[in-house]
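J.: Encoded as structure tokens, here's the structure I'll be asking about.
Throughout, read-outs are computed from the coordinates displayed, never taken from laboratory work. This structure is a prediction, so every number in the text was calculated from the model and none was measured. Using ideal geometry, Cβ is built from the backbone for each residue, glycine included, and neighbour counts are taken over all protein chains shown.
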Amino acid sequence: MRILISNDDGYKAAGIHVLARVMAAFGDVTVVAPKYHQSAMGTAVSLGVKQLAYKDLPEEGPGRWSYLDATPASCVKFGLQYKYEARNPDLVVGGVNHGSNASTGSNYSATMGVAEEAAINGIKAIGFSLTSHRADADFSAVEALLPGIVRRLLDTWPENRPGLYYNVNFPDIPLEEIKGIQWARQGKGHWIKEFEDWDEVRLAASGLTDAFLWQHQRVQLEPGETAYFMRGEFVNDDPNADGRADHLLLQDGWVTIVPCQADPTDHTLLATHL
């Protein structure tokens, strides 16, 4: 099996190294990851007259590693063009993301942008996330459960479903405390108070500096400018009557799998107008 891997935390993040090690047991791994952190870029691409720095990373492994100073979706595009010129990979995987991509967070997620870009190109794709932003997050439960999830999804992948990809989220708890794996739907929610004054002391206390600020590209403030940081507080909007909201299952200790579609059309509503 030919496997392309990317992420949105950058090539130095622990999660993508975990993913590469796990996926190497399934086949030949090629990694094209962003040079810097690219969170919440969704399926954004690096268009425009801008130099995109590329570098091979022979010291990394397993597999062939490189970085591109571009968005995760652009890294997938680059990989398809230059690493798989003759034939697309059999599978594209994104992650393992440092932080949850459940509920409406998946709408913004560049980890899921990796999977969606692959799905747009007709390639099987899965995005993986762990609900911890810490650089030193414990991925041991992910490493234990991820191979079985990959085998399960590949063995049951529906035929004639173009644009299908999967969103898998792991709770940040020890393996023995995980209740199991649940099929889920995207939960409902939104964010409030999303902008905060830039305060590196407070950010360090929250644990975000290790995971993010080392690769943050600070700007030189002009006179009169003020710096802010975007994070926010999540508000649950889901009554969860069916018990299938992914973010609430995660909170309850379950690994969640959400089937997603690159086509955002509401076909049910469309049918009423035809």
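J.: Based on DSSP H runs of at least 4 residues, each adding -39500 (n - 2.57), what is the mean residue ellipticity at 222 nm of the chain after dividing by all its residues, to the nearest 500 deg cm²/dmol? Could the numbers behind the result be given before it?
T.: Details: 9 runs with 74 residues, N = 274.
Helix-only estimate at 222 nm: -7500 deg cm²/dmol.
J.: Right, something else. Give the distance, in whole Å, between the Cα centre of region 242-265 and the Cα centre of region 98-159.
T.: 12
J.: Rounded to the nearest 5, what % of the DSSP beta bridges within the chain are antiparallel ones? Numbers along the way, then the final one.
T.: Details: 16 of 45 bridges.
Percentage antiparallel, nearest 5: 35.
J.: In the structure shown, do any of 55/188; 12/83; 55/124; 83/188; 12/124 have a Cα-Cα gap over 28 Å, and if so which? Present the calculation step by step, with values, prior to reporting the outcome.
T.: Working: 55/188 39 Å; 12/83 20 Å; 55/124 26 Å; 83/188 38 Å; 12/124 25 Å.
Long pairs (Cα-Cα over 28 Å): 55/188; 83/188.
J.: If you don't mind, another one. Relative to the present Cα-Cα distance, how much length would full extension add between residue 59 and residue 152 at 0.36 nm per residue of separation? It would help to have the intermediate numbers written out before the result.
T.: Details: separation 93, 0.36 × 93 = 33.48 nm, distance 3.20 nm.
Full extension of this stretch gives 30.3 nm more.
J.: OK, next. Between residue 82 and residue 242, how high is the FRET efficiency from 1/(1 + (r/R0)^6) when r is the Cβ-Cβ distance and R₀ = 45 Å? Nearest 0.05.
T.: Values: r = 44 Å, r/R0 = 0.98.
Once rounded, the FRET efficiency stands at 0.55.
J.: Test of understanding: ordering 112, 23, 1 by Cβ neighbours within 10 Å, fewest first, what list do you get? Intermediate values should be presented prior to the final figure.
T.: Working: 112 31, 23 25, 1 12.
By the 10 Å Cβ count, ascending, the order reads 1, 23, 112.
J.: Find how much the distance from residue 49 to residue 196 grows on full extension, using 0.36 nm per residue of separation minus their present alpha carbon separation; answer in nm with one decimal. Walk me through the numbers on the way to the answer.
T.: Values: separation 147, 0.36 × 147 = 52.92 nm, distance 3.16 nm.
Gain in length upon complete extension: 49.8 nm.
J.: Just report the Cα centroid separation between region 164-206 and region 1-54, whole Å.
T.: 20
J.: Sort 184-193, 99-108, 61-70, 74-83 by packing, meaning the average of other beta carbons within 10 Å per residue, with the highest value first.
T.: Working: 184-193: 16.3, 99-108: 22.5, 61-70: 19.3, 74-83: 21.0.
Result, highest mean Cβ count within 10 Å first: 99-108, 74-83, 61-70, 184-193.
J.: Calculate, axis by axis, the spread of Cα positions in the chain along the three principal axes, and write the results as whole Å, longest axis first.
T.: Cα extents, longest axis first: 57, 50, 48 Å.
J.: With no solvent and one point on each alpha carbon, what is the Debye value of log10 I(q)/I(0) for region 123-274 at q = 0.10, 0.15 Å⁻¹?
T.: Computed log10 I(q)/I(0) values: -0.52, -1.01.
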